[in-house]
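This report concerns only the one structure given below.
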Amino acid sequence: PYIHLDLADQIARTGVYGVNEGEISAPSSSILWPLLLIPLHDTPFHLYLPLLLATLSALAAAATLSRVVRLLIGEEADEDFVALFACMSAIILNLPGLALMGMEHATQIFLTLVSVLGVLQVLQGQQPRWWLWAVLFLAPLIRYENIITTTGALGILLWCGYGRAALATLVLTLAALGSFSLYLVQLGLDPLPSSTLVK
């Protein structure tokens with residue numbers, strides 16, 4: 001979290017995209033996560049903001065997981081079983097550990113689970129909710145790797161007959177990612193952050 005905190009602080013104080021004073025760099029594997037850390041940058045609470053956001057994301061992921069389980073099993077599912085299965089899955093996914101890391105990973109899992117929930121609802125005959133399109137757009141901006149889940153979900157939605165909305169969401173997502181890459185190139189950097197290139 002140090003890199004994200006420092007990047008957020010540099011953006012807020014100096015407007016420079018980088019971790020070192022006056023040095024432009026792209027060290028973050030997330031476009032939005034450092035921006036979410038800008039609030040409270042000049043207060044002592046800033047240090048704890050990543051932990052707070054990651055913890056809230058982990059809790060939201062656990063709640064979403066229980067909804068996914070209930071949807072898969074059916075509404076008549078035993079509540080104790082759903083709660084136990086969701087808790088065990090949260091432990092297997094290491095949500096408590098991810099929350100303590102204070103990075104964007106818990107938010108990534110939360111957005112992925114929301115995507116799964118929304119797609120499952122569509123596969124069961126419901127109309128896609130507005131939040132599904134928003135999550136599919138935002139997920140890759142939280143973590144680049146989520147372009148895989150977004151593309152997969154949009155492919156399913158295209159197959160289910162929501163082609164126009166799916167293609168529009170894909171175009172907007174690629175435009176946002178491309179715009180950030182153009183911004184990095186304009187700064188004299190590679191089109192992808194260094195952490196993503198290293199991976």
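The values are calculated or read from the model by the stated rules, or taken from the named source; none is laboratory data. Note that this is a predicted model, so its numbers are computed, not measured. Note that we place each Cβ from the backbone using ideal geometry, even for glycine, and neighbour counts take in every protein chain shown. SASA here: full protein model, heavy atoms, side chains in, ligands and nucleic acids out. Shrake-Rupley method; radii C 1.70, N 1.55, O 1.52, S 1.80 Å.
Numbers for the structure displayed
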{"item": "Cα-centre dipole for the chain with unit charges at Cβ (Lys and Arg positive, Asp and Glu negative), debye to 20", "result": "480"}
{"item": "Euclidean distance of C-alpha centroids, the stretch 114-144 and the stretch 160-199, integer Å", "result": "18"}
{"item": "Between the stretch 63-113 and the stretch 32-49, the Cα center-to-center distance that results, in Å", "result": "26"}
{"item": "Vicinal HN-Hα couplings computed from phi for the stretch 87-93 (Karplus, 6.51 cos²θ - 1.76 cosθ + 1.60; Hz; Gly/Pro x)", "result": "5, 5, 5, 4, 5, 4, 6"}
{"item": "Accessible area of R13 in the full protein assembly, 1.4 Å probe (Å², nearest 10)", "result": "120"}
{"item": "Ranking by accessible area, most exposed first, for T150, T112 with a 1.4 Å probe", "result": "T112, T150"}
{"item": "Modelled label reach - L84, point 7 Å along Cα→Cβ, the stretch 49-66 residues with backbone N closer than 18 Å", "result": "66"}
{"item": "Order of exposure, largest accessible area first, which applies to C160, C87 with probe 1.4 Å", "result": "C87, C160"}
{"item": "Spacing of the two label points (7 Å from each Cα toward its C-beta) at H41 and T14, in nm", "result": "1.1"}
{"item": "Note, ³J(HN,Hα) from phi for the stretch 55-62, Karplus 6.51, -1.76, 1.60, rounded to Hz, x at Gly and Pro", "result": "5, 4, 5, 5, 5, 5, 5, 5"}
